[in-house]
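What follows draws every value from the coordinates through simple rules; no lab data is involved. Owing to the predicted nature of the structure, the values given are computational and were not obtained by experimental measurement. Because the Cβ atoms are built from the backbone with ideal geometry, glycine has one as well, and the counts that use them run over all protein chains shown.
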Amino acid sequence: METVSPTRMNLLIKKNQIDVADEGLSLLRSKREALVKEFFAIMDAVVSARDKLRTDMQDAMNRLTVAIAMDGKEKIASASFAAKRDILIDIVEKNIWGTKFSEIEYKRVTRSPDARGYGLVATSTFIEDSASAFEKVVDLILKMVSEENRLKIIGEEIKKATRRINALNEIIIPKLKGEVQYIRNTLSEREREDLFRLKRLKG
């Protein structure tokens, strides 16, 4: 505090800095509150999606086991080769309260049986059920990748906002207020000394 020059100009500057810091603190608190709400909303969705993925994966494996037992590995391999395709995805940048994150956009993976490329007459319902179940699993995985990535980034931003709030609240603003008080006390002391000297001169 002793390094602060106790002038009226510096008093105005420090008071202005406090106003700016208070405004920044308010914005950071609003940002953190919005991010926390978003975080818990996404977390609920991610937990539900993980539970569903476990269930859907088990269902898909069961259906594949039945298809292999009923139709044989050769027919399964032939159908999977015919149904093979690329899945095109786009990475889109989005923004929440100045927090940027990437999200995957894609066309729905699950298809109707006639869109899979194999002959419907030569393919059993067991193979179709298995293919449909695994396509649903892929759809869910792609959705989860976006949500878990967003959850991670928002969590990091909440930590950053909390650190900045603590720094402003516990270090920066108290320091500025201390400097303002130091300048005020020094200026008041000078005014008293000037008044005392003036009285002596008049005397």
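Does region 72-92 contain at least one residue that is over 29 Å from Lys160 (Cβ atoms), under 24 Å from the mean Cα position of the chain (by Cα) and part of a strand (DSSP E or B)?
No, region 72-92 contains no residue that is over 29 Å from Lys160 (Cβ atoms), under 24 Å from the mean Cα position of the chain (by Cα) and part of a strand (DSSP E or B).
Test Ala69 against the criterion of being over 30 Å from Leu151 (Cα atoms) and exposed (fewer than 11 other Cβ atoms within 10 Å of the Cβ), and give yes or no.
yes
Go through region 46-61 and count every residue that is crowded, with 16+ Cβ neighbours inside 10 Å and small (Gly, Ala, Ser).
Selection size over region 46-61: 2.
Sort out which residues of region 72-100 are among the basic types (Lys, Arg) and surrounded by 15 or more Cβ atoms within 10 Å (Cβ to Cβ), and write them in order of number.
Lys75
Checking Arg108 against (1) surrounded by fewer than 15 Cβ atoms within 10 Å (Cβ to Cβ); (2) without any contact (Cβ under 8 Å) to a residue 40 or more places away in the chain; (3) not in a loop (DSSP other than H, G, I, E, B), only one condition comes out false. Which one?
Failing condition for Arg108: (3).
Condition (residue is surrounded by 12 or more Cβ atoms within 10 Å (Cβ to Cβ) and more than 29 Å from Ile158 (Cβ to Cβ)) applied to region 18-26: is it met by at least one residue?
No, that holds for no residue.
Restricting attention to region 151-166, which residues are surrounded by 14 or more Cβ atoms within 10 Å (Cβ to Cβ) and without any contact (Cβ under 8 Å) to a residue 60 or more places away in the chain?
Ile153, Lys160
Being more than 29 Å from Val20 (Cα to Cα), small (Gly, Ala, Ser) and more than 38 Å from the chain's Cα centre (by Cα), is that true of even one residue in region 168-188?
Taking every residue of region 168-188 in turn, none turns out to be more than 29 Å from Val20 (Cα to Cα), small (Gly, Ala, Ser) and more than 38 Å from the chain's Cα centre (by Cα).
When residues of region 114-128 are filtered for being more than 16 Å from Phe81 (Cα to Cα) and either buried (at least 16 other Cβ atoms within 10 Å of the Cβ) or in contact with a strand residue (DSSP E or B) (Cβ under 6 Å, 6 or more places away or on another chain) (or both), how many remain?
Summing the residues that are more than 16 Å from Phe81 (Cα to Cα) and either buried (at least 16 other Cβ atoms within 10 Å of the Cβ) or in contact with a strand residue (DSSP E or B) (Cβ under 6 Å, 6 or more places away or on another chain) (or both) in region 114-128 gives 1.
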